[in-house]
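The values are calculated or read from the model by the stated rules, or taken from the named source; none is laboratory data. Only a predicted model underlies this, so the values are computations on that prediction, with no experimental measurement involved. With ideal geometry, Cβ positions are generated from the backbone for all residues, glycine too; neighbour counts draw on all protein chains shown. Quick note on the areas: whole protein, heavy atoms, side chains included, nothing else; ligands and nucleic acids left out. Shrake-Rupley method; radii C 1.70, N 1.55, O 1.52, S 1.80 Å.
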Amino acid sequence: MEMEKKREINHPFHEHPLVFVEDQSNEGQKSYCSACGDVISDPCFSCAPCNYHLHNNCALAPQTISSHPLHPQHSGFSLRERPRLDNRSGCSYIVHVNCALEDYRFYEVVERESRCEELYGSSSKSTQPSITRVVEVSEDGEATKIEHFSHEGHCMVLADKMEEETDRRCDGCMLPVSTLFYYCSESECHFYLHKNCAELPRVKRHWIDRDTATLNSRSFMWCFLCNRPCSGFFYEMGELWVCLRCAEVPDVIEFQGHEHLLFYDFKCRERCNGCGAYPSEEGAFKCGKCSFTLDFKCLSLPHSVVHKIDEHQLNLTYHDDNDYSKHLRCDICEGKRDRSLWYYCCSICDTSAHPDCILGEFPFLKDGIILPPYSRHGHRHDVRFHRKAEDYPNCSSCGQRCRREIVKCAESTCNYIAHFKCWWPGLSRFRVIQRISHFVPTASRAGKLSTRTSK
Ligand SMILES: [Zn+2]
Ligand SMILES: [Zn+2]
Ligand SMILES: [Zn+2]
Ligand SMILES: [Zn+2]
Ligand SMILES: [Zn+2]
Ligand SMILES: [Zn+2]
Ligand SMILES: [Zn+2]
Ligand SMILES: [Zn+2]
């Protein structure tokens, strides 16, 4: 009998010894590295009973490194586990080792450790709740009337169904509210929060960044992950602002439109299978088994929408199996549709349209939010954002007619109206500025806007 070449290591991220495997015998059945998420290749270290594997390089990655070129102001980085995926198995640890060695976001600066321990203590209860006061409780202990940090001065009441058929959006995530939500008790105040959104912790850890994530109800920012201007709540992690829709996406997902697991890869620059765009430094989700890629912009799209083009609900559709060429036209812009990309569709009427045509260019900006004066303009008042313009007024900036996405002066005595894009010509450049400042943590981020929510 041939002597088996065996070597064992004890790795701090796994409770059992890991055995060195030179050749994998289980051909055909792929395993994934619990550190980087890529398919396991030889040689590797494995704990067979737990189905826990690490590439040789990942297993032997240094536990600490003294400095990193992308984050020169601190020394001493220690390798940390990424948070657990779920509680289904005690062994589903995921650690981005390869990535950690390339991107400072995945390092923990040693001196910060004590501060984070303080924040979290030993239980999750020590995190700050968003509900600042429970005013009334139902018989079964549910908070039926609350005060919320984002909506000071007004109480919010729990409801389980919207009474009228109106398009009400959650002021946290900007998605429609229909069941189980809090609404403002003041009749003139249209402020809504999904129950889940109202209960989010104000400080938490998010897998995308080693900084603590702080919930902010700033109401207007650029989401780093879906790459859009958004209103609603954000988790703020140092330089990164992430909208609630994106913040909810875990780093490994089972996506119903694809048969395999998708892993987040910040290095991914492959074309998104949903929209056809190429991700930039926010990365994208990649399939562990095939070349399927999805960016956050597509992942955070609503699954169904209502649009005046069709009396029925339109559903986000991943595959177009229809052979008739009629279906490859968008019923809104009449432009071509790429068969391989996502679209919204009503299967009863055969209506189909581009997601951008259905949702508009700024689907997650709340109608009526107030934006502060943009300093590069002659106009010095706060403005309100509106999705549509009544009577197609002429833009104060370019002189052309305004149909959609406009800003209107908030002062009653001033009749300034402009296209949103004319009012904020830096809209496209903003992204570039953010990109640069993301990798230079000390640089101030130009173009950052803060706003009040409209009441
Ligand atoms: Zn919500
Ligand atoms: Zn209110
Ligand atoms: Zn987002
Ligand atoms: Zn996409
Ligand atoms: Zn796949
Ligand atoms: Zn279209
Ligand atoms: Zn204009
Ligand atoms: Zn004005």
Problem set entry | Search result, residues across segment 272-290 that are surrounded by fewer than 18 Cβ atoms within 10 Å (Cβ to Cβ) and polar (S, T, N, Q) | Ser280
Problem set entry | Checking Met174 against (1) within 16 Å of ligand 3 (Cβ to nearest atom); (2) open to solvent by 60 Å² or more (accessible area, probe 1.4 Å), the condition it does not meet | (2)
Exercise. If Leu240 satisfies every condition in (1) under 30 Å from Arg387 (Cα atoms); (2) in contact (Cβ under 8 Å) with a residue 12 or more places away in the chain; (3) open to solvent by 20 Å² or more (accessible area, probe 1.4 Å) but one, which is the exception?
Worked result: (3)
For this session: For segment 361-383, state whether one or more residues are open to solvent by 60 Å² or more (accessible area, probe 1.4 Å), at negative phi and touching a Leu at 6+ places or on another chain (Cβ under 8 Å).
Result: no
Problem set entry | Selection status of Ile332, open to solvent by 20 Å² or more (accessible area, probe 1.4 Å), more than 16 Å from ligand 8 (Cβ to nearest atom) and within 26 Å of Phe296 (Cα to Cα) | yes
For this session: Working only within segment 29-51, note down all residues that are surrounded by fewer than 23 Cβ atoms within 10 Å (Cβ to Cβ), under 32 Å from the mean Cα position of the chain (by Cα) and assigned to a strand (DSSP E or B).
Result: Tyr32, Val39
Exercise. Checking Glu163 against (1) open to solvent by 40 Å² or more (accessible area, probe 1.4 Å); (2) closer than 11 Å to His194 by Cβ, which test does it fail?
Worked result: (2)
Problem set entry | Meets criteria (over 16 Å from the mean Cα position of the chain (by Cα), buried (at least 20 other Cβ atoms within 10 Å of the Cβ) and more than 14 Å from ligand 5 (Cβ to nearest atom)) for Tyr264 | no
For this session: Could you please give the count of residues in segment 345-356 that are open to solvent by 30 Å² or more (accessible area, probe 1.4 Å) and not in a loop (DSSP other than H, G, I, E, B)?
Result: 1
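I'd like to verify a number: residues in segment 272-316 that are among the β-branched types (Val, Ile, Thr) and farther than 18 Å from Met174 by Cβ, how many? Please lay out each step first, then the result.
Residues of segment 272-316 among the β-branched types (Val, Ile, Thr): 293, 305-306, 309.
Still in the list and also farther than 18 Å from Met174 by Cβ: 293, 309.
Of the residues in that region, 2 qualify.
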